[in-house]
Structures are given as C-alpha cells and as structure tokens.
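Reviewing the structure listed below.
The values are calculated or read from the model by the stated rules, or taken from the named source; none is laboratory data. These numbers come from a predicted model, not from an experiment. Please note: Cβ atoms are built from the backbone with ideal geometry, for glycine as well, and neighbour counts cover all protein chains shown.
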Amino acid sequence: MKTVINEQNRRNFVSQVEAMLHDKLSKCYQCGKCSAGCPVNFEMDYTPNQIIKMTELGMEDKVLNSKTIWLCVSCNTCSTRCPKGFEVTGIMDVLREIAEKKGITSKVEKEVQMFHEVFLDNVKSNGRIFELELVGKYKFKTRHLFRDMFLAPKMLEKGKLKMHGEKISDLNQIAKIFKDFE
Amino acid sequence: MKLAYYPGCSLKGTSFEYEVSLLKILEALNIEIKEIPDWNCCGASAAHSINHNLSIALPARNLAIAEGEGYESVLAPCAACSNRLKTAHHELKSDDILKKKITDSIEMPYNADMEINNMLEFLIKIVGKDKIKSMVKKPLAGLKVASYYGCLLVRPPKVMQFDDPENPVSMDELVGLTGAEAVDYSYKTECCGAINSLSKPDVVMALTGNVLYDIKKHGADLVVVACPLCHSNLDVRQREIERKYSEKIGLPVLFITELLGLSFGIDPKDLAIEGHMVAADRVLKKIGELPK
C-alpha cells in the first residue's frame, strides 16, 4: 500500500489536523484500546487507531473518504479510555470538518453526512429543530421516502410528531452566526 | 439562586413526555425554573461533527442570554444539550482566542461563570436526595428498574465532570429513593447509536438491541433514561428490534422524572406516560396504578 505521498503534503495535513485538534498525533502509540471499545468498529473500513496512524502518514484521501469518520457517533468511549489522553473522538470531528470544507461528498456514507447538513439547515432556517421538516427533507434528499414510515402513524397518535415547528424571534442573530462560521 | 431552564428541541417534540414529567415533579418539589428567553438549538451532534465554531457559537448564544438575565445555573435535561452546553462553556473558559471570536459573532459577552447541570445532577445537587426522599408518598416496592446512562451524560469525563464514566450510579441512587430495586447490568454506558438513528438504522438497532436484551436478561421490569435520544432509540425502535432479532423484549422505557413522579403519587396521565410507544401498562399494574 502506498503510504507517504509527498513529505510536504504530509506535513501540511498533519499541521492542519493538529492545529484544529489541539493535540499531537505522535501521542498515539497504537495500543488499539480505542478500537477495541468502539461500538461501531464492526462497520468501519479502518479502525480508529488506523485512522490516527494514516493521518500521521499523510494518507489524506484515504482518511477523508473513509467510512470510519462518518460512522463514528462521538460516544467518546475511545477518548475516555485512551491511556495517552489523546483526542480520538476529536480527530473524527476534525477530519469530518476538513472533508466537509473541501467539498468532499462521502461516497460510502453519504446519508450520515447529509443528515448532519440537513440538520444544520433546519437550525439555520428556524433557530430550532422542526422534527417533521427535518425528517421530510432528509428523506427527500436521500430518496429513502418509505424507510421508517411505518412508525409515523403511532408516533402521531402518541403526540410525538408536532405538525408545527417553533421559530425563534431573533433569527437574524442565528443568520449572522451561520454567516460568520459557515 | 435563580435557575434557568434550557429545554432543547426534543423536549418540545418527540420527547414531550420528558418535559411534562419534569415540570410536574419540580412543581411538586416547589422548585421554580424559567425557560431561557428565545433559546436556540444547541446544534447537537450535527454541528460538532462538521463545524466546530458553530458547535460552540450556538450553545454560547443560550448561555450568554441566560447570563445576561442574571442566571448562574442552567438545567439542560437533554443529555446531548447538556453535553454541548458544557463543552462550549469549557472551551470558552479555557480558550481566550476562541472566546473573542464567538462573543464577537453572537454580539454578547459571556463571562463563563455559568453552572450547567444535566437532569441527574440537578436532582442530586440542586434538589437533594433528602428532599426527594421526603416526597416519596408511594414507594415503588417490588419494581425492578435498569438505569441506562448512555454516552453523553458521563463522557468525556474531563468536561462532564459527573459520576463515573464506566460505572455511573447516580440514576441507580435515584431509583433507590423511589423504593424500587436498581438492577445491575453490563450495558449501562454502551452507546445506543445516537444521532445515526435515521441514517444508519441497522447499526442503531444492533447497538440498542444489545442494551435492551442485556437489560431483559437481568430481569428488569423497565428501563429509565435521562436522554431523549436514548429514549427514542430504546422506545420507538423497540418493536422493530424485536422483529429483526425475533425475540420479544417488551420493556417500557421511562424518563427518570416519570419514575420519580410515580413515586410521588402523581397520576401517570399527568406524567405523559401514555406518550411512549411501548406501553407501560404492565408496570402500572404492578404498582397498583392500573387494575390487575
């Protein structure tokens, strides 16, 4: 497997990740504790400790296009148990953010990525989450129109699905926050 | 001390039972909380997953409003909201450059003196176990209850600073106060799959199934939680998990506030217990709230 592509690119990528993470990749000594306790390891293409090493080796394309970064649910089991106190959960956030900023649409886990995007769009337009609208837009985007639909009648009956969302009054402020940071 | 309340989006929607029951028990306990005016979504898992600045700025706006209104303490009953508010608070307190950037954007100062409590912390630290115990009019003797904590209440420990991240006991202690028996089991802090419920339902059902079947194996009558997302996965997806793994579970999932309310002698209807997908009738019969 080709690892180091270009030393300068490797360094740039490592510096970018470390600056966003506020942590050093070299702290990780590959014990594998993070991967052993990861609840979603069975679905991943690379284990969390492999992602850390691959990032250190500059394998930017591979990590940014991995299933792993999108499958991580940020449960923080890895960071809690890491004997070196390395920000394992944090590196997944950083890699997702870099992928997002580079405009990379995940080919392998695009639904997870889309859910995050649709969720933030909903916050941007209402200031709060309007669940029905969020689910509708997500389903429309992913074309999974009927998945989970069998849950809807009973959820409606139980009062769990509100037909109207609440908007906050100072939406301009929310718009400004998004404008500043998007 | 003036107590602010940050409900978060789930408590106004799919987890309305949580809000109904917590307001009811706080009324019984004679504790006043006030909703933060014009609060916004904390950004939940989506913001921190793809945009770090947003994940700090969105909760910061709520904290700054609360601080501006003279509050020193915020109750965030949703585990995800409390996690995001605490994380934002922690980062703003320790990173001046970030703080400048964020306060410039929200156009409000934030001194970062706020105390943020999740539901369990609030009940133990602010209300107090003695007061809760004194309110128990109808002990739930004979009821076996499994407390499910999930991830966000206890992890990451350096930011949450609450209970033990591997073997938390605070909710079990609250269960004990009601007269019910706290059931010990192995999956207390295993993840339910959280936000991926819609995007990776198979993964979520596998993880949630592990939790539910383990609780079942240990003989619990019901599960209590303090997180809307945990509740959604354990309750709403339970029938589907039973079908997928061809094994009955039949475990009602209550919010801890509902269990406390029952022990205070509050009518189950006033606690919105009928709002759950898995009916709690068997539990209500066992404690004499429904005819056997």
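How many residues are touching a helix residue (DSSP H, G or I) at 6+ places or on another chain (Cβ under 8 Å) and within 11 Å of B:L75 (Cα to Cα) if we restrict to segment B:97-128? The qualifying residues number 8.
As a summary of the residue check, B:K137 satisfies the conditions (1) surrounded by 16 or more Cβ atoms within 10 Å (Cβ to Cβ); (2) in contact with a Phe, Trp or Tyr (Cβ under 7 Å, 6 or more places away or on another chain); (3) of a type in the set (D, E, K, R); (4) more than 30 Å from B:G68 (Cβ to Cβ) except for the one numbered (1). Quick check on segment A:92-134: of everything there that is out of contact with any helix residue (DSSP H, G or I) (no Cβ under 6 Å at 6 or more places or on another chain) and among the β-branched types (V, I, T), which residue is surrounded by the fewest Cβ atoms within 10 Å (Cβ to Cβ)? Here the answer is A:T105.
Screening B:K200 against (1) crowded, with 22+ Cβ neighbours inside 10 Å; (2) farther than 14 Å from B:A146 by Cα; (3) in contact (Cβ under 8 Å) with a residue 24 or more places away in the chain leaves a single unmet condition, (3).
Scanning segment A:50-76 for residues that are more than 21 Å from B:S45 (Cα to Cα) and either within 17 Å of the chain's Cα centre (by Cα) or assigned to a loop (DSSP other than H, G, I, E, B) (or both) yields A:I52, A:T55, A:L57, A:G58, A:M59, A:E60, A:D61, A:K62.
The set of residues from segment B:241-280 being free of Cβ contacts under 8 Å to residues at least 24 places away in the same chain and not in a loop (DSSP other than H, G, I, E, B) comprises B:E242, B:R243, B:P268, B:K269, B:E274.
Look at (1) within 22 Å of the chain's Cα centre (by Cα); (2) in a loop (DSSP other than H, G, I, E, B); (3) more than 30 Å from B:L271 (Cα to Cα) and you find that A:F146 fails only one, number (1).
Restricting the first member to segment B:89-108 and to residues that are closer than 13 Å to B:A57 by Cα, and the second to residues that are outside any helix (DSSP H, G or I), the beta-carbon pairs closer than 7 Å and six or more apart or on different chains are B:H89/B:A112; B:H89/B:M114; B:H89/B:I116; B:L92/B:Y110; B:L92/B:A112; B:T103/B:P109; B:T103/B:Y110.
May I ask you to say which residue of B:E166, B:E190 is outside any helix (DSSP H, G or I), surrounded by fewer than 17 Cβ atoms within 10 Å (Cβ to Cβ) and under 20 Å from the mean Cα position of the chain (by Cα)? Spell out how you get there, then give the answer.
Working: B:E190 fails: surrounded by fewer than 17 Cβ atoms within 10 Å (Cβ to Cβ).
The unique qualifying residue is B:E166.
Under the condition of being touching a residue at least 24 places away in the same chain (Cβ under 8 Å) and out of contact with any Phe, Trp or Tyr (no Cβ under 6 Å at 6 or more places or on another chain), the residues counted in segment A:25-48 number 15. Restricting the first member to segment A:143-158 and to residues that are of a type in the set (A, V, I, L, M, F, W, C), and the second to residues that are surrounded by 13 or more Cβ atoms within 10 Å (Cβ to Cβ) and part of a loop (DSSP other than H, G, I, E, B), the beta-carbon pairs closer than 9 Å and six or more apart or on different chains are A:L151/B:R237; A:L151/B:M277; A:A152/A:L161; A:M155/A:L161; A:M155/B:T14; A:M155/B:M277.
Does B:A272 qualify as being touching a helix residue (DSSP H, G or I) at 6+ places or on another chain (Cβ under 8 Å), modelled with pLDDT of 95 or more and surrounded by fewer than 24 Cβ atoms within 10 Å (Cβ to Cβ)? Answer is yes for this residue. Within the bounds of segment A:79-87, is there any residue that is more than 10 Å from every other protein chain (Cβ to nearest Cβ), part of a loop (DSSP other than H, G, I, E, B) and among the charged types (D, E, K, R)? Checking segment A:79-87: at least one residue is more than 10 Å from every other protein chain (Cβ to nearest Cβ), part of a loop (DSSP other than H, G, I, E, B) and among the charged types (D, E, K, R). Only residues that are of a type in the set (K, R) and over 25 Å from B:E115 (Cα atoms) were counted in segment B:135-187, giving 3. The criterion of at least 2 residues that are away from every other protein chain (no Cβ under 14 Å) and closer than 13 Å to B:M119 by Cα is met by the following helices (runs of 4 or more DSSP H) wholly inside segment B:1-109: B:16-28.
Taken over segment B:58-81, the criterion of being among the aliphatic types (A, V, I, L, M) and under 21 Å from B:L153 (Cα atoms) is satisfied by B:L58, B:A60, B:L63, B:V74, B:L75, B:A76, B:A79, B:A80.
If the condition is being assigned to a loop (DSSP other than H, G, I, E, B) and either facing another protein chain (nearest Cβ under 7 Å) or modelled with pLDDT of 90 or more (or both), then segment A:162-182 contributes A:K162, A:E166, A:K167, A:I168, A:S169, A:D170, A:E182.
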